[in-house]
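Undergrad: Structure below; questions to follow.
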Amino acid sequence: MPGAVVRGLLVVLAVAVMAGCTVHYVTRAERAYAEGRYLEVVEDLSSHEADVPQLPVAKRARFGLVLGLALLELGDRQGARQWLDDAEQLEALQPTLTPAQRQQLAAGRKALAGEGKGTTSD
């Protein structure tokens, strides 16, 4: 009986750790973006693209936002458009971004439309 309880607790702990890892790489990318490490953002998030469909909507929107903004900063307008479109569509269906994140999204869209300097880190 005690062995079953311990195994159950280990399963719960493993699930909690895996859930934390999902949040971790998006949060780490947001921090890297804020510090101007755009290539690091692209490399890190690109290695997790296969995980995107399984992410909760809020994390998917943040993933698309930060990857799109980093690609824009690096001059990849096509890639930036794809990810910012994704973030914008998710936000329209289920608003989850903070006001500051929505502002970043709008600035990125404006830069893509040629109305900005092409950077969003001002």
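Undergrad: May I ask you to sort L74, L84 by Cβ crowding, counting other Cβ atoms within 10 Å and putting the fewest first? Write down the numbers at each step before the final one.
TA: Details: L74 14, L84 25.
The fewest-first ordering by Cβ neighbours comes to L74, L84.
Undergrad: Rounded, prolate or oblate: which fits the range 41-116, taking a ≥ b ≥ c as square roots of the Cα gyration tensor eigenvalues, rounded meaning a/c under 1.5, else prolate when a/b beats b/c? Intermediate results must be reported in sequence, preceding the final value.
TA: On the way: a/c = 1.99, a/b = 1.15, b/c = 1.73.
Oblate.
Values quoted throughout were computed directly from the atomic coordinates according to the rules given, and no laboratory measurement underlies them. Just so you know, these numbers come straight off a predicted model, no measurement behind them. Ideal geometry is used to build each Cβ from the backbone, glycine not excepted, and the neighbour counts take in all protein chains shown.
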